Each structure stands twice: as structure tokens, then as C-alpha cells.
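Everything on this sheet refers to the single structure shown next.
The values are calculated or read from the model by the stated rules, or taken from the named source; none is laboratory data. All of these numbers come straight from a predicted model, not from anything done at the bench. Cβ: placed from backbone, ideal geometry, glycine included. Neighbour counts: every protein chain shown. Areas reflect the complete protein model, heavy atoms only, side chains present, ligands, DNA and RNA absent. Shrake-Rupley method; radii C 1.70, N 1.55, O 1.52, S 1.80 Å.
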Amino acid sequence: RERLVDQYRGASFWSHVNIFLTYEYAAAAEHEVSASERILREVVMPLGIPAESFHSIRGDASDVAAEARRYEELLLAQMQDRGQDQALDLCLCGIDSEGGVAGLRAQSEGIGETMRYVAPCRVNKDGARGLGLTVRALNCSAAVWVVACGEEVASVLREILEGDYDYQLYPLQAV
């Protein structure tokens, strides 16, 4: 992280970058630090990315459906501004040991969602609820990169890439 910050802090291209989070816990207050706070503190601020370029899902929103619509409208505005169907240049996702990415997990609501870009989801294996991008939204990215840390997670990623196609078990296969 330090090398990245040292090399790219305050770079002129950051004014052209928009960052959209792929998921957030619905009850962020229950967690020590929300995904939004962590990324803002550890990536956006150190790199000098303009705060208005960082778009997060409000995990503590009292009306989850309204928050999903608000975030979806931001994505749609991004598409309109760009004049194309690709809202995002790059979707960077972590993956967990069950193959979950962007709040999409086995049998989650966002897998078969064909109309919306943001939907309620189960964001971790402990059942925490949240909002995340749907497969439709991920497929509006020019590229999707998945970061796998550790051998257990790497073996799940190999299964996703090389195993039988079952997007209900591994939603990443639908992207």
C-alpha cells in the first residue's frame, strides 16, 4: 500500500476516476469498520482522490430499498455521462473462501436479478445482510479483476474458473 501511495499520491488522473463500492453491510454500525470507511481511510484519502469521486453504499441506511435505488441511480448516471453501457472501467473484487464476491454468494438474491444493478444480499458467510452489485452491474464493467489471498481462496477461484459451470453456487461464473 505504501508503495502505491508513494507512486500515485495526488496524480492528475485521479480527477477522472470514480470509485463505486461493490457491497456494504446493511448494519455497518454492527461492524468495527465498514467497507466504505476502510477504503476511504486506506485508499482514497492517502492517494488524494477527490472525495466526490468516491461513491459508497450507505450501510446504515434505515430504508435499504431506497438506498439501493440511490446507489443504482449513481451507476446509471455514470453510464449516461459516459454514453455507453459500461458504467465501470474496472470492477476490483475480493473473493472469500466460499467464492463470494461483491456481496454475491451461493443462492443470493442478486444472482438472478436481471432488472436492477443493486440488490439486498448476504455479504459474508456469517449471514450479515447488506447491499451489493448484481451480476447485471458487474457485467457492465469493461473488466472484472478478482483478488484471491491464501491457498484456500485460490483453490476456490481455480474451481470457479476451471470447474463445472454452476453460477448459483459460484455467481462469479455468470460475470
Quiz prompt | Long-range amide H partners of Thr134 with built H, under 5 Å | solution = Val118, Ala119
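To the nearest 20 Debye, how big is the dipole of the stretch 30-71 about its Cα centre, given +1 on the beta carbon of each Lys and Arg and -1 on that of each Asp and Glu? Please report the intermediate quantities before stating the final value.
On the way: 5 positive and 8 negative charges, 37 e Å.
It comes to approximately 180 debye.
Quick one: ranking Phe54, Phe13 by accessible area, 1.4 Å probe, largest first, what do you get?
The residues order as Phe13, Phe54, largest area first.
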Practice problem: Run the 1.4 Å probe and let me know the accessible area of His16, rounded to the nearest 10 Å². | Solution: 150
Practice problem: Mind grabbing the accessible area of Ile95 for me, 1.4 Å probe, Å², rounded to tens? | Solution: 20
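Under the rule a/c < 1.5 gives rounded, and otherwise a/b versus b/c splits prolate from oblate, where does the chain land using the Cα gyration tensor? Walk me through the numbers before you get to the answer.
Numbers: a/c = 1.37, a/b = 1.24, b/c = 1.11.
Rounded, because the longest to shortest axis ratio a/c is under 1.5.
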Quiz item: Measuring from label point to label point, each 7 Å out along Cα→Cβ, what is the Asp6 to Asn139 span in nm?
Solution: 4.3
Quiz item: What are the ³J(HN,Hα) values, in whole Hz, obtained from phi via the Karplus relation 6.51 cos²θ - 1.76 cosθ + 1.60 with θ = phi - 60°, for each residue of the stretch 44-60 in sequence order, with x given for Gly and Pro?
Solution: 4, 5, x, 7, x, 6, x, 4, 6, 8, 9, 10, 10, 7, 7, x, 9
Quiz item: Roughly speaking, to the nearest percent, how much of the chain's 1.4 Å accessible area is carbon and sulfur?
Solution: 49
Quiz item: Which residues' amide hydrogens lie under 5 Å from the amide hydrogen of Phe54, considering only partners 5 or more residues apart or on another chain, with H built in the peptide plane?
Solution: Ile19
Self-check item: Additional length obtainable on full extension of the chain from Asp81 to Tyr167, 0.36 nm per residue less Cα span
Solution: 27.8 nm
Quiz item: At a probe radius of 1.4 Å, what is the per-residue accessible area of Trp145, in Å² to the nearest 10?
Solution: 150
